[in-house]
1. Restricting the search to the range 62-79, which residues are of a type in the set (Ser, Thr, Tyr) and crowded, with 16+ Cβ neighbours inside 10 Å?
2. Tell me which of these residue 84 doesn't satisfy, since it passes every other one: (1) in contact (Cβ under 8 Å) with a residue 60 or more places away in the chain; (2) within 17 Å of the chain's Cα centre (by Cα); (3) crowded, with 21+ Cβ neighbours inside 10 Å.
3. Quick one: in the range 257-300, of everything that is over 21 Å from residue 329 (Cβ atoms) and of a type in the set (Phe, Trp, Tyr), which residue is farthest from the chain's Cα centre (by Cα)?
4. Identify, please: which residue in the range 17-62 is touching a Gly at 6+ places or on another chain (Cβ under 8 Å) and modelled with pLDDT of 85 or more and is, among those, nearest to residue 111 (Cα to Cα)?
5. Applying the selection to the range 145-195, what residues are of a type outside the set (A, V, I, L, M, F, W, C) and assigned to a strand (DSSP E or B)?
6. Restricting attention to the range 252-276, and to residues there that are part of a strand (DSSP E or B) and at pLDDT 90 or above, which single residue is surrounded by the fewest Cβ atoms within 10 Å (Cβ to Cβ)?
7. Answer yes or no: is there a residue in the range 233-250 that is of a type outside the set (A, V, I, L, M, F, W, C) and modelled with pLDDT of 85 or more.
Amino acid sequence: MKDNNLIVITGAGASYGCYVPVEHFLNGHDEHNYRPPLTKHLFQKNPAFQEIRLKYRTVEHVAAEILAEQSDPNWTLENYMMRLKKDATTDPVRRRWYYETLFYLQDLLTTVSVKCLRGQGRGANAYTQLVGIVWKYRELFNDVCFLTLNYDTILDAALEDAFFHRFDDMSKYVSIRECKWGYVKLHGSCHWSRNIEDGASIGPMLDRSEHIERAVLDEISIFGAGKPIIAGSNRFPVIAAPVGEYEPICPPEHIDRIRRAIENKPVNVISIGFSGAGQDVFDLFSKSNTSINNVTLVEPNAAAFQALQTKFQKIGGTKFEGSYSDEGGFLNFVARVLPGLFESWKRG
């Protein structure tokens, strides 16, 4: 087993189910409306989310389009945002929709992260247990890489706290202090922004409304056109859609990090709350000549579980030595199932 690497994939279902008991979100406290959302919840009528959405009025039009499309099982937010971005190059109305949606998503997921981490506790979640158990069994693997599709920072906090680490620079995702693990946020993060002159960087968002207005007027543009800007003053979200026309959402060095973990190597995969919609994760594996020894899927819906299993089986070399249809949630998996799974791998 030591020859293997471990890839832990987390999707929206992981953050949605990382806190328990769920009643904590229903007990009248301010945090109850801020449970980490599934993708389908991002544009639904939630009183707390609506308060944020009112700051970005054209997002109502985007929400109407998205809610009409979400019945398609292959629909992804990232693909929708790419289409909206393409429209924005020629349509000033949809340009405003695009920019305001980026800022809305960043504002919403930042708020959700802060509310959960402050209201429910930084350590009182399944991510913290997950990181701790993987660390306990670290000797089983040559390398460990967390690959998330989520924009929130709840897993970030678990990794930061475990290793006294801070993700305050893009390079710090590639190697986490002494453990040297990798953390790749494939679809961006609510914590990231882009300085238009200097490329991707992490920093605070400044003067959102002014940025949106100037972008709509094409005085500044993330499409590469527009007037020169002052370095450090104009930042745009790196979330949900590539900033350049065909660039990956996360920095290229992060893509290189996950490829180093999977390319021409045997790996074990644990997938938690990952729907499998979209093809980018599977493309990473299939184009890297990865040999997957074991795939463990944490997915409560039987049909979604079967569809996800089928997608993993299409990757060359995949062997399903074991799988797990989760009926008790993410916390149940890490508390009751994961230690036993690792013990079985330890015995060989």
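The values are calculated or read from the model by the stated rules, or taken from the named source; none is laboratory data. The structure presented is a predicted model; accordingly, all values stated were derived computationally and were not measured. All Cβ positions, even for glycine, are placed from backbone atoms using ideal geometry, and neighbour counts span all protein chains on display.
1. First, the residues of the range 62-79 that are of a type in the set (Ser, Thr, Tyr): 71, 76.
The one that is of a type in the set (Ser, Thr, Tyr) and crowded, with 16+ Cβ neighbours inside 10 Å: 76.
2. (2)
3. 285
4. Going through the qualifying residues, I end up with 38.
5. Taking the range 145-195 first, the residues of a type outside the set (A, V, I, L, M, F, W, C) are 148, 150-153, 156, 160-161, 165-166, 168-169, 171-173, 175, 177-178, 180, 182-183, 185, 187-189, 191, 193-195.
Hits for the range 145-195 are 148, 182, 183, 185, 188, 189, 191, 193, 194, 195.
6. Step one: filter the range 252-276 for residues part of a strand (DSSP E or B), giving 266-272.
Narrowing further to those that are at pLDDT 90 or above: 267-272.
On the way: 267: 24, 268: 22, 269: 24, 270: 24, 271: 26, 272: 26.
If we take residues in the range 252-276 being part of a strand (DSSP E or B) and at pLDDT 90 or above, then 268 is surrounded by the fewest Cβ atoms within 10 Å (Cβ to Cβ).
7. Looking only at the range 233-250, we keep the residues that are of a type outside the set (A, V, I, L, M, F, W, C), and these are 233-235, 237, 242, 244-248.
In the following step, the residues that additionally are modelled with pLDDT of 85 or more were identified as none.
The answer is no; no qualifying residue exists.
Okay, residues lined up against (1) at pLDDT below 90; (2) part of a loop (DSSP other than H, G, I, E, B):
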{"position": "64", "(1), (2)": "no, no"}
{"position": "68", "(1), (2)": "no, no"}
{"position": "71", "(1), (2)": "yes, yes"}
{"position": "78", "(1), (2)": "yes, no"}
{"position": "99", "(1), (2)": "yes, no"}
{"position": "105", "(1), (2)": "no, no"}
{"position": "109", "(1), (2)": "no, no"}
{"position": "123", "(1), (2)": "yes, yes"}
